[in-house]
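Each value in this text was obtained by applying a stated rule to the coordinates, not by laboratory testing. Just so it is clear, the model here is predicted, and its values are computed rather than measured. Using ideal geometry, Cβ is built from the backbone for each residue, glycine included, and neighbour counts are taken over all protein chains shown.
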Amino acid sequence: MIDKQYFAETLAKMAVSSLIEEVSLTPKPGLVDEKDEGAHQDLTFHMMIGSAQCLKNTFYEMAMAAFVEGPSQTLREKIGEIGRRGENTMFQYTDGVNTHKGAIWSLGLITAAAAIHGGMADEETICFTAGRIAQYEDRFIPHNITNGMKAIHEYGINGAKVEAQLAFPHIRKYSLPMLKATIHTMSYEQAKHFTLLSLIAQLDDTCILHRGGIEGLNYAKKQAKQIIASSNLHELEHMNQNFIARNLSPGGSADLLAATIYLLKIKKWSTNSLLKGQFQATH
Ligand SMILES: CC(C)(COP(=O)(O)OP(=O)(O)OC[C@H]1O[C@@H](n2cnc3c(N)ncnc32)[C@H](O)[C@@H]1O)[C@@H](O)C(=O)NCCC(=O)NCCS
Ligand SMILES: Nc1ncnc2c1ncn2[C@@H]1O[C@H](COP(=O)(O)OP(=O)(O)OP(=O)(O)O)[C@@H](O)[C@H]1O
């Protein structure tokens, strides 16, 4: 039988290390990385790392909650409550700066879904279970107007909530296939660069929309597609300077890159554990 606390602890550690891998990937267009803060004035690399680390308990609690209750309104609302406490912890640590709000949402749902399957599911199945949880309405969501809501309303696109409710189509269709295709043919770092680009090329990212409007979004998509087509990662530094000049930051793509890395880590960990005969499914 699976040791639930150990599995929840393992998931939480993998979620945090995925966030750290995301921010550490350098260079990235418009985003915080080891070399610069991209288009952000209030974020630093060290703040991003510290913020990721202080979210470990949030992911642990989400996994533990999901062992008690499968996809249901009760679980959705429990996860919402844990997520809001996680956001408070993050905002206390960063003194009010949004470092990982989108990541708490996407990686939190994936954590809960992975826990429900007890490590016995592939990446797609985890996405669909995460989607089922996200489809329940959380009656306790505060009614604040967010940048994402404004962009969704103004441009009629899907934001972070619908992306999850549809079982993360951009991960299933673009970033996961890209990471799986490139991971064995180039270095892990290069594979992650192409994975991020595959998301920027396709995602209607509300972070980009609220900063640069539809023109900024189209520009970002076009730039990402060009680098993928040319296979020339040397262009990334130039792309970063162009994004900074236009104040564009693909925060949603960064979150989904971390989520894609996380899904692969979960798969690898559970395959290794199965090979060692360490655990069986709970559900
Ligand atoms: C659904 C969430 C992400 C809010 O989305 P909304 O678009 O309203 O908010 P906001 O603009 O502040 O943040 C969205 C973040 O998602 C990421 N993102 C942007 N676009 C996308 C996209 N197309 N797909 C995925 N992620 C995206 C970015 O990092 C962005 O910063 C979630 O935080 C939420 O439900 N908040 C309510 C408070 C709550 O209950 N929190 C706990 C949830 S676990
Ligand atoms: N490396 C990264 N650099 C910057 N943002 C990132 C990074 N990784 C993930 N993000 C995501 O980007 C979001 C922050 O983007 P942004 O600062 O544009 O959001 P905002 O707080 O909604 O708006 P603004 O700061 O423009 O008022 C976070 O929710 C976070 O999850």
| request: Counting only C-alpha contacts under 8 Å and six or more residues apart, can you give the relative contact order of the range 169-230 as a whole percent? | output: 33
| field | Highest-MSF residue in the chain out of D42, D122, D138 [GNM, Cα springs under 10 Å] | value | D42
| Using +1 on the beta carbon of Lys and Arg, -1 on that of Asp and Glu, and nothing else charged, what's the dipole of the range 162-225 about the Cα centre, debye to 20? | 180
| task | Beyond 24 Å, what share of the Cα-Cα pairs of the range 130-276 is found? Please give it as a whole percent. | result | 37
| query | Given a cut-off of under 8 Å on Cα pairs at least six residues apart, what relative contact order in percent is computed for the range 59-169? | reply | 31
| field | Residue-count net charge about E123 - beta-carbon cut-off 13 Å; Lys, Arg +1, Asp, Glu -1 | value | +4
| said: Given a Förster distance of 45 Å, report the FRET efficiency between M186 and D42 from their Cβ-Cβ distance, rounded to the nearest 0.05. | reply: 0.85
| request: Work through the residues other than K180 whose Cβ is under 14 Å from its Cβ and net out their charges, Lys, Arg +1 and Asp, Glu -1. | output: +3
| Which value in nm describes the separation of the simple spin-label points at T271 and I157, placed 7 Å from the Cα toward the beta carbon? | 3.3
| Any idea how far apart M149 and K13 come out in nm if each label point goes 7 Å out from Cα toward Cβ? | 3.9
| field | Integer Hz, Karplus 6.51/-1.76/1.60 couplings in order for the range 50-58, x for Gly and Pro | value | x, 4, 4, 5, 6, 8, 4, 5, 4
| Considering every pair of different Cα atoms, what Kirkwood radius, in Å, is found for the chain? | 18.8
| query | Out of Q241, A115, M47, whose Cα points farthest toward the positive end of the dipole of the chain (charges: +1 Lys, Arg; -1 Asp, Glu; placed on Cβ)? | reply | A115
| said: Can you tell me how the range 189-283 classifies by the Cα gyration tensor, rounded, prolate or oblate, using a/c under 1.5 as the rounded cut? | reply: prolate
| task | Specify the angular offset, from 0 to 90 degrees and rounded to the nearest 10, of the alpha carbon long axis of helix 206-230 from the longest principal axis of the alpha carbons in the chain. | result | 80
| note | On each of the three principal axes the extent of the alpha-carbon atoms of the range 143-187, given in whole Å and largest first, is 45, 19, 18
| request: Calculate one ³J(HN,Hα) per residue across the range 33-40 by plugging θ = phi - 60° into the Karplus curve 6.51 cos²θ - 1.76 cosθ + 1.60, and present them in order as whole Hz with x for glycine and proline. | output: 9, 5, 9, 7, 9, x, 8, 9
| query | Where does each of F194, F168 land when they are ranked from fewest to most other beta-carbon atoms within 10 angstrom? | reply | F194, F168
| Is the range 113-193 rounded, prolate or oblate when judged by the Cα gyration tensor, a ≥ b ≥ c being the square roots of its eigenvalues, rounded requiring a/c under 1.5 and prolate requiring a/b larger than b/c? | oblate
| request: Give the Rg (one decimal place) followed by the Dmax (whole number) of the range 17-79, computed from C-alpha coordinates and expressed in Å. | output: 15.7, 43
| field | the range 62-216: translational diffusion in µm²/s, Stokes-Einstein, Kirkwood Rh over Cα pairs, 20 °C, 1.002 mPa s | value | 128
| request: Using θ = phi - 60° and the Karplus relation 6.51 cos²θ - 1.76 cosθ + 1.60, list the HN-Hα couplings for the range 156-161 in order, rounded to whole Hz, with x at every Gly or Pro. | output: x, 10, 8, x, 5, 5
| Calculated FRET value between F140 and A245, using beta carbons and R₀ = 51 Å, to 0.05 | 0.80
| field | Folded to 0 to 90 degrees: helix 188-200 orientation relative to the chain principal axis, Cα | value | 80
| query | Can you sort S253, S106, S24 by how many other beta carbons sit within 10 Å, fewest first? | reply | S24, S106, S253
| said: Which one, T44, T129, T260, has the greatest fluctuation when you compute a Gaussian network model over the chain with C-alpha springs under 10 angstrom? | reply: T44
| So what does the Cα-only Debye profile of the range 178-233 read at q = 0.12, 0.19, 0.20, 0.22 Å⁻¹, as log10 I(q)/I(0), no solvent term? | -0.30, -0.64, -0.69, -0.78
| query | Could you give the angle, 0 to 90 degrees to the nearest 10, between helix 101-116's Cα long axis and the longest principal axis of the Cα atoms of the chain? | reply | 30
| said: Given an 8 Å cut-off on Cα distances and at least 6 residues of separation, report the relative contact order of the chain as a percent. | reply: 27
| task | Grab the range 145-227 and count how many Lys pairs have their alpha-carbon atoms under 20 Å apart, sequence gap of 8 or more, or different chains. | result | 11
